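Report on the following structure.
The values are calculated or read from the model by the stated rules, or taken from the named source; none is laboratory data. A quick note: this is a predicted structure, and the numbers were derived from the prediction, not measured. As a convention, Cβ positions derive from the backbone with ideal geometry for all residues, glycine included, and neighbour counts pool all protein chains shown.
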């Protein structure tokens, strides 16, 4: 049915509605009836396009590839501090743009091996870019002093989970959620101070 103009409009309505519901309710809390209501369509109509909510998430994830994560963290700059901030800014904005997909992927990674592998692939794409930044730091004379793989994994985890908590959950209870610029400042400082504060003799 998506081959007709009306079908294409209906499918697009379901996709847009799913993104809104996943962002507002979370993937696991979203019901197909929620998506149908937000799309202004019937629940029965949903099944003309998708067999399940998981299949709809798969459709959304076709646009959110490992290349998106890799590109976000591949930012380079002559000034290390500016380069770190540019990479964090790009990652923060990437998470915001693909927030419904990120929520769905993170939540489903705990329940389904296929989604778990896709989530891990995205993480590895980011970790590889952070590792490249470590190489550049050491070439510039900085001694990181920690296992590179573990540190890169920790930094990507910090960015990913901080984005999830501050952008998707609304922040921690009793803690003022920072605005975007302040959040980026915090994450950039965490990365920069960990990597660039120990120059070799």
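Within the stretch 158-185, how many residues turn out to be assigned to a loop (DSSP other than H, G, I, E, B) and touching a helix residue (DSSP H, G or I) at 6+ places or on another chain (Cβ under 8 Å)? Break it down stepwise before answering.
Of the residues in the stretch 158-185, the ones assigned to a loop (DSSP other than H, G, I, E, B) are 170-179.
Checking the rest, the ones that are also touching a helix residue (DSSP H, G or I) at 6+ places or on another chain (Cβ under 8 Å) come to 171-172, 177-178.
Looking only at that region, the number is 4.
With 104, 40 as the choices, which residue is within 30 Å of residue 7 (Cβ to Cβ) and assigned by TED's automatic domain parsing to the domain that holds residue 140? Of 104, 40, the one residue that is within 30 Å of residue 7 (Cβ to Cβ) and assigned by TED's automatic domain parsing to the domain that holds residue 140 is 104. Comparison of 155, 131, 120, 146 shows that the only residue that is out of contact with any strand residue (DSSP E or B) (no Cβ under 9 Å at 6 or more places or on another chain), in the same structural domain as residue 94 (by TED's automatic domain parsing) and not in a helix (DSSP H, G or I) is 146.
Among residues of the stretch 8-35 that are in the same structural domain as residue 98 (by TED's automatic domain parsing), none has a beta-carbon under 9 Å from a residue that is at pLDDT 95 or above and surrounded by fewer than 18 Cβ atoms within 10 Å (Cβ to Cβ) at least six positions away or on a different chain.
The number of residues in the stretch 172-201 that are at positive phi and surrounded by 15 or more Cβ atoms within 10 Å (Cβ to Cβ) comes to 0. If you go through the stretch 71-102, how many residues are surrounded by fewer than 16 Cβ atoms within 10 Å (Cβ to Cβ) and not in a loop (DSSP other than H, G, I, E, B)? Adding up the residues that qualify gives 6. For the stretch 54-70, filtered to residues that are modelled with pLDDT of 85 or more and in a loop (DSSP other than H, G, I, E, B), the residue that is nearest to residue 191 (Cα to Cα) is 64.
Considering only the stretch 38-53, state which residues are touching a helix residue (DSSP H, G or I) at 6+ places or on another chain (Cβ under 7 Å) and either assigned to a helix (DSSP H, G or I) or surrounded by fewer than 16 Cβ atoms within 10 Å (Cβ to Cβ) (or both).
Taking the stretch 38-53 and keeping what is touching a helix residue (DSSP H, G or I) at 6+ places or on another chain (Cβ under 7 Å), we get 38-43, 45-46, 49-50, 53.
Correct list: 38, 39, 40, 42, 43, 45, 46, 53.
Of all residues in the stretch 106-132, those that are closer than 13 Å to residue 27 by Cα and out of contact with any helix residue (DSSP H, G or I) (no Cβ under 6 Å at 6 or more places or on another chain) total 4.
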